[in-house]
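This report refers to the structure that appears directly beneath it.
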Amino acid sequence: MLSDVLHGPQGSYLDLSTLFPEGVFAYVTLKGFENVAPETLREFLRGRGRDVLAVHRVDQVHSAMVVRADQSPCSADALVGSAAGEAVRVVTADCVPILLANADGSRYAAVHAGWKGTLARIVESAAAMVAGRDVSGITAYVGPAIGPCCYTVDGERVAAFAREFPGWLPQGGSAPTLDLQSINARMLERAGVPRDAIHVEERCTACSLGLCCSYRRDGERAGRMASLVGRTA
Ligand SMILES: [Zn+2]
């Protein structure tokens, strides 16, 4: 899928809310957005008619740690919320942002999955926490991330992925690359999330010059994109 780019006073963004159950909202802010601080995001949500009391965040450390929103802020890479009138967010620039919600929208999560988090299967842990007993009711959005077109890695890293996910990597090609979006989507599917409830954004952050933040392309000046999901009050 390719989401429409929308424009607001703070900058450009994607609105993924229609993918999720009623009452759940989800957005990704794009390159050049004012900033990704929780206060700015609250202001942004207010402008969309969604008044939230809090946007929760964590200090991202490329771990496999999933925490509840009421345990934040702390060091972790996925946040699970359940309160109405609140949201959770992660920030990325090439790593994969993943947003999840259960069938009735009573639990939702934002996940940061770089290569380390993907290898450590953080999205599975987050989905289990969101799902409770019913993984088949989950909706997932796998956001803009660096694609196999641009994500060349060393052979050692590819070997680690081949060991963890046997048979999942495409064979051949001139240089070793990884497709972290599809590996995370496949993990969700294997965990029991229906294929048609897994929405993958067809945007490579490194290719989308004017639209996406890419650390690999721009280094320290890359900026960050916020991916957030929450529930209306
Ligand atoms: Zn690319």
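Just a few scattered comments:
- Qualifying residue in the range 183-201 (condition: in a helix (DSSP H, G or I), more than 27 Å from SER136 (Cα to Cα) and charged (D, E, K, R)): no
- Whichever residue in the range 195-233 is touching a Ser or Thr at 6+ places or on another chain (Cβ under 8 Å), over 27 Å from ARG50 (Cα atoms) and aliphatic (A, V, I, L, M) and, among such residues, is farthest from the ligand (Cβ to nearest atom): ALA222
- Residue in the range 170-184 that is out of contact with any helix residue (DSSP H, G or I) (no Cβ under 6 Å at 6 or more places or on another chain), within 18 Å of LEU16 (Cβ to Cβ), in contact (Cβ under 8 Å) with a residue 12 or more places away in the chain and crowded, with 20+ Cβ neighbours inside 10 Å present: yes
- Taken over the range 1-37, the criterion of being among the hydroxyl-bearing types (Ser, Thr, Tyr), touching a residue at least 24 places away in the same chain (Cβ under 8 Å) and not in a strand (DSSP E or B) is satisfied by SER3 alone.
- Output for the range 69-90, where each listed residue is surrounded by fewer than 22 Cβ atoms within 10 Å (Cβ to Cβ) and in contact (Cβ under 8 Å) with a residue 24 or more places away in the chain: SER82, ALA83, ALA84, GLY85, GLU86
- Among the numbered conditions (1) in contact (Cβ under 8 Å) with a residue 12 or more places away in the chain; (2) surrounded by fewer than 21 Cβ atoms within 10 Å (Cβ to Cβ), the only one that GLY49 does not meet is (1).
- Among the residues of the range 206-225, those that are among the basic types (Lys, Arg) and in a helix (DSSP H, G or I) comprise ARG216, ARG217, ARG221.
- Number of residues in the range 96-155 that are part of a helix (DSSP H, G or I) and either within 20 Å of GLU86 (Cα to Cα) or within 16 Å of the ligand (Cβ to nearest atom) (or both) equals 6.
Only the coordinates and a few stated rules stand behind these numbers; no lab work does. Note that the coordinates shown come from a computational prediction; the quantities given were computed from them, not determined experimentally. With ideal geometry, Cβ positions are generated from the backbone for all residues, glycine too; neighbour counts draw on all protein chains shown.
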